[in-house]
Every structure is written in C-alpha cells, then in structure tokens.
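Shown next, in structure tokens, is the structure this report addresses.
The values are calculated or read from the model by the stated rules, or taken from the named source; none is laboratory data. All values derive from a computational prediction rather than experimental measurement. Please note: Cβ atoms are built from the backbone with ideal geometry, for glycine as well, and neighbour counts cover all protein chains shown. Accessible surface areas use protein heavy atoms only, side chains included; no ligands, DNA or RNA. Shrake-Rupley method; radii C 1.70, N 1.55, O 1.52, S 1.80 Å.
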Amino acid sequence: MSTAAVIGLDLGTTGARAVLADVSGATLAVHEAPYDLHTPRPGWAEQSAVDWERAAFVAMAAVASRAQRADDVRAIGLTGQMHGLTLLNRAQQPLRDAILWCDLRTGPQRRELEDTIGVRTLVRHTGNLPLEGFQAPKIIWVRQHEPDLLERTAHVLLPKDFIRLRLTGECLTDVSDASGTGYFDSATRRWSEPMVDRLGLDRSWLPEIRESPETAGRLTPAAAERLGLRAGIPIAAGAGDQPAGAVAAGVVAEGDAAVTIGSSGVVFAVAAAYGAAPDGRVQVGAHAQPGRWYLMGVTQAAGLSLRWLRDTFLPGLSYDRLVPEAMDSPPGSRGLLWLPYLQGERTPHLDADARGALVGLTTAHRRADIVRAVLEGVAFSLRDAAQAIQGVGAAVDRFKLAGGGARSPLWRQIVADVFDAPMRVEPEGRGPAFGAAMLGAVASGMFASVEEAVRVTAVPYATIAPGAGGSAALDAAYARYRNLYPALAEASRAAAAAQAGEPGDV
C-alpha cells in the first residue's frame, strides 16, 4: 500500500538538504547536495544561484525516487538561508552571485540608512534595523558599486524563492522570510510602502507574499520531469530556515523557544502579539504559524567557530574526535574565554566590526581547554541573545535545542548549564527541511493547520537538565565573558578597518 508523502527542501549555507516525510512524521528519505561558498574579500560571502538550482534539483529528485509511486508525493515545501540578495533580469537569469546573510560589506550602507531615516522610524516601519545581512543595505551597496545591475534588474528574490521560481515559474515569497529583508512591515505582514519608497525600489521587482502554509505556485511540467513527479502539485510558500526549524521543533506557541546551533546560532521565541524592541536589537518577524510572530537573536559564528578551529588548526580531524577532547577541561575552560565574533555579531551588539578573540591563553593551556572555550563561548553568546529577547518582554520558559551542535552530548550539556534551564533535544532528522515538508503537507490539505501538523507528527524529546556544579562555574565565566566585547571594541574596529583596506591603527 502506498503512502502519501511530502518533500521539504532546505537551501542551506553549505548545501541543499531534501527530506521525504509521510503524514505520521516519519522521515522516509534524506539527500544532501553541497555547493561552494565564495569569499572574494574578507567579510564577503556569495553563492551562485545556478549552483543552488543544481543542488536543489539533485536533492529533491533523489528523495522523490524513494517514494513508492511518484503520485504519492503530494506537495513540496521550501525553506532556506534567510536574507540573501538574488537579482534576476527579465529572462529570470541571475545578474551576479547572490550576496548572503553572513556578508558584512554593507556596514556603511546600514549606517547611512540609520542616519538618514533614523532608528525609531526604521523600527516603526519594519520592526527591525537594516542589518548588514538584510537585503535593504545590500541593494544600496549594489546601487553604489554596481549600478548597471539595478538598471537590468527585473526581480529581487530571497534564496529559497529562486528555487520556487524554477519549480513553478512564479515569483512569490512568504511572510517569515520577507521579514528579514528590511522593507517588510512585520506588524501588518505586508511590504512596507514607506521603506519601499525610501529605498527607491521598483515595486515590480518584489514578489507577491503568502502565509507560510499557503500554496505559492504549482509544479510545472518541466520541473516535474526533472524531479520525476506529477505536475501541478502545490508548492507551499514555506519559510525562512529559522521559522521552518521552529515548526519542525513544535515551537509555535507563546512561551516556546528554540535554541539552534548550526553555522550560526539562534534563539527563536514565539509571540502571540507583535512587539518590537525600540532599538531594534532583537529581530522581529512574522512566524510561519499564521497569527504568530517571532523574536530572534543571532550569533553569526556558532558551529562556524568550531569549524574554523578545526579547519585552521586541525584539518582532517573529525568532530567526533575533536569535541570529546573538551571533556578533559573543567567548566570554565581554566579561565580561557572565546569571543565567537568571526563574522561580526548581531545580538545584542549589532556590530559588524566585532571580531573573534581567544582571551586568557597561557602556556598551561592545552588543546582541550581551547576546544571547550569555543563550545562555552558560543553558549555564552546564545545566552546573550536569550536575555535580549526576554528584555523585550517575551515570556520564554520552554526551550528546545536543535541543530548540529545539539548532536554533541557535551555541547548540549554546556548550553543547559549556561542557560541554567532544561533543554529538550530535537531528535535526529527534525530540522528546517522537515518543517518545510510539514508546511507543504498543510498546503496540500493533508493537515488542516500548522498546529495539527505539529500535534500529529510530535515525537518524544530527551531532556537535558542543568548540572549544579557546571552552572555555578559557568555563571562566573559568563560574567567575565560579558566584559570582553566593550574591552575589545576599539581594537576590533581598528582590525576591521585594516581588513577592509581602510586607514586604521592596528
């Protein structure tokens, strides 16, 4: 007997991940296809949309082939890295490599927007400041440095929506991903007309907006042939990777929060009513769950910190060997502190010039201390983000831990100790791609709502409780960690100026 199934695609920073899931929540197949990240200058991060398309279709076709029958696949849901700027011409072809969420080149453009429009006005129109990763300052950068491209631009899309275009032939997006552009009004869940005017955007460039579980296009015959599926199945509007991951983790009710350690680190909390931080230091947006909003704090280099440490100093060593070494170092890493600002920092400092630092190093320290300091530094940064969210007034009292970092028993214990709160650990296979699949299931009518999809597909979660000894030692280390950013701010600014090729004392 065949089983109705859906495909979820996550267009990530390192590759495309597709899952095939059924209505019980069982994952039937998974396939990942990698692509390259280009860093042509320090602080820049770009990718080819052509590479995205190739990898996305490879991954989706691979899981589609695992369905018992092609007709069993009832829908596709999309998610992916947020904020990326993808410019297309009238022939719907990319005009340049996409500028990604972690790209830091737009500091001057962000400051220009804040100076000319004003922080309060920006927050009133969008709920957010125009962070370096957002599309708004990137469009200003392109206008200033590559003006001929905007003259040829016909469409401005977010990463996952470029894949939608190739699947459906339509330019559409969803409310949660649009929330991270810098010209979307999260309160009304519509494009912000004042910001569109201020940025000088052509309204014809902008995709239509849908709620995340709504149908946003249908599979064309050409795309269906590439995937081995039936033409006409619905493509859900989908969500940005963090809101989709929250759906996968069942984080859809007020008081729920997801702590995710991927390449970046995120604390994502659900709110039943819209509310923005007056200074914009906490990101706000429309949740993938209709009628809900999210508050989000981000550290740019979470898992990326550990990857940088391994790739730079210990190439070829597996994480399974590297991370357990940290168990030979006590909580607090013998006084060693890691500031994980390898790609600047968002929450709570909103400082693209912030730089990473290993502080307190002596000849007595060993590799185990350095590895543990990195794990703890990321957890400290996530605690910073959670405290910023709670400062906006969000009542966060239920945490779920997700992402690749949650697979490490040591790292998840460190997070529980640093937060001094129980962490329910997301099971293997539950992530943004699965959340996208569930949104696809709602779009196809397999579930009546996101709440029903979450309830029916719920699975047991293991709970990690904080340890008294570890929490006490890490509280003291966190207090010292909090002093690092202000102490190093001037040196970080000088380093950033030097790295950008600008005058600066180093």
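Per residue of the range 489-499, what does 6.51 cos²θ - 1.76 cosθ + 1.60 with θ = phi - 60° give for ³J(HN,Hα)? Whole Hz please, x for Gly and Pro, Karplus curve as stated.
Here the 3J(HN,Hα) series is 4, 5, 5, 5, 4, 5, 5, 4, 5, 5, 5 Hz.
Suppose every K and R has +1 on its Cβ and every D and E has -1 on its Cβ; what is the size of the dipole of the chain about the Cα centre, in Debye to the nearest 20?
Dipole of the chain, to the nearest 20 debye: 460 debye.
What fraction of the DSSP beta bridges in the chain is antiparallel, stated in percent and rounded to the nearest 5?
Rounded to the nearest five, the antiparallel share is 70 percent.
How many nm separate the modelled label positions at Arg90 and Glu112, each set 7 Å beyond the Cα in the direction of the Cβ?
According to this spin-label approximation, the distance is 2.7 nm.
Over the range 16-101, what lengths in whole Å, largest first, do the semi-axes of the equivalent ellipsoid take, defined as the square roots of 5 times the eigenvalues of the alpha-carbon gyration tensor?
Those come to 30, 14, 11 Å.
Can you compute 3J(HN,Hα) from phi for each residue in the range 35-44, using the Karplus curve 6.51 cos²θ - 1.76 cosθ + 1.60 with θ = phi - 60°, rounded to whole Hz and x for Gly and Pro?
8, 8, 10, 9, 10, x, 9, x, x, 8
Residue by residue through the range 239-249, what is 3J(HN,Hα) from phi via Karplus (6.51 cos²θ - 1.76 cosθ + 1.60, θ = phi - 60°)? Round to whole Hz and write x for glycine and proline.
Running phi through 6.51 cos²θ - 1.76 cosθ + 1.60 with θ = phi - 60° gives 6, x, 4, 6, x, 5, x, 5, 4, 4, 8 Hz.
Would you work out what percent of the accessible area of the range 344-396, with all protein chains in place, is carbon or sulfur (probe 1.4 Å)?
Using a 1.4 Å probe with all protein chains present, the range 344-396 comes out at 52 percent carbon and sulfur.
Based on the Cβ-Cβ distance from Leu314 to Ala222, what FRET efficiency comes out when R0 is 56 Å, to the nearest 0.05?
0.75
Placing +1 on the Cβ of each Lys and Arg and -1 on the Cβ of each Asp and Glu in the range 178-248, which of Ile209, Ala187, Pro221 has its Cα farthest towards the positive end of the resulting dipole?
The one lying farthest along the dipole's positive direction is Pro221.
Suppose each label sits 7 Å from its Cα in the direction of the beta carbon; what would the Ala468-Arg120 distance come out to in nanometres?
5.0 nm
Given a cut-off of 21 Å, what percent of all Cα-Cα pairs of the range 34-184 lie beyond it?
Across the range 34-184, Cα pairs with separations above 21 Å total 49 percent.
So between Asn483 and Ala154, what do we pick up on full extension, going 0.36 nm a residue minus the alpha carbon distance?
Value of the extension gain: 113.7 nm.
Once R0 is set to 41 Å, what does the formula 1/(1 + (r/R0)^6) return for the Cβ-Cβ distance between Ala458 and Gln144, expressed as a FRET efficiency to the nearest 0.05?
Given R0 = 41 Å and the Cβ-Cβ separation, E is 0.25.
Among Leu295, Gly12, Leu317, flag the residue with its Cα farthest along the positive direction of the charge dipole of the chain, charges on Cβ as +1 for Lys/Arg and -1 for Asp/Glu.
Leu317
Computed over the Cα atoms of the chain, what is the ratio Rg over Rh, Rh following Kirkwood?
0.95
In the range 157-183, which residues have a backbone nitrogen under 17 Å from the label point lying 7 Å from Ser48's Cα in the Cα-to-Cβ direction?
Under 17 Å, as judged by backbone N against the label point of Ser48, lie 163 of the range 157-183.
5 Å is the cut-off here: which amide hydrogens, built 1.01 Å from N in the peptide plane, fall below it relative to Ser408, excluding neighbours closer than 5 in sequence?
Amide H neighbours of Ser408, under 5 Å, 5+ apart: none.
Take the range 383-460, drop everything but the C-alpha atoms, weight them equally and run the Debye formula without solvent; then report log10 I(q)/I(0) at 0.11, 0.24, 0.27 Å⁻¹ to two decimals.
Each listed q corresponds, in turn, to -0.39, -1.10, -1.18.
Between the range 1-43 and the range 435-493, what is the C-alpha centre distance in whole Å?
After rounding, the separation between the Cα centres reads 20 Å.
With labels modelled as points extended 7 Å from the Cα through the Cβ direction, what inter-label distance (nm, one decimal) is found for Glu451 paired with Glu490?
That separation, rounded to one decimal, is 5.5 nm.
How much space per residue, in cubic angstrom, does the convex hull of the C-alpha atoms of the range 166-278 take up?
Convex hull volume per residue, Cα atoms: 148 Å³.
Where the accessible area of the range 24-138 is counted over protein heavy atoms with a 1.4 Å probe, how much of it, in %, is carbon and sulfur?
Answer for the range 24-138: carbon and sulfur cover 47 percent of the accessible area.
Provide the descending list of Cα extents for the range 104-234 along its principal axes, expressed in whole angstroms.
51, 34, 24
Would you please give the residues with an amide H less than 5 Å from that of Gly77, counting only those at least 5 places away or on a separate chain, with H modeled from the backbone geometry?
Excluding prolines and chain starts, which carry no amide H, the hits are Ile7, Gly8, Leu9, Ala236, Gly440.
Calculate, in nm to one decimal, what Ala498 and Asp279 gain on full extension: separation in residues at 0.36 nm each, minus their alpha carbon distance.
76.0 nm
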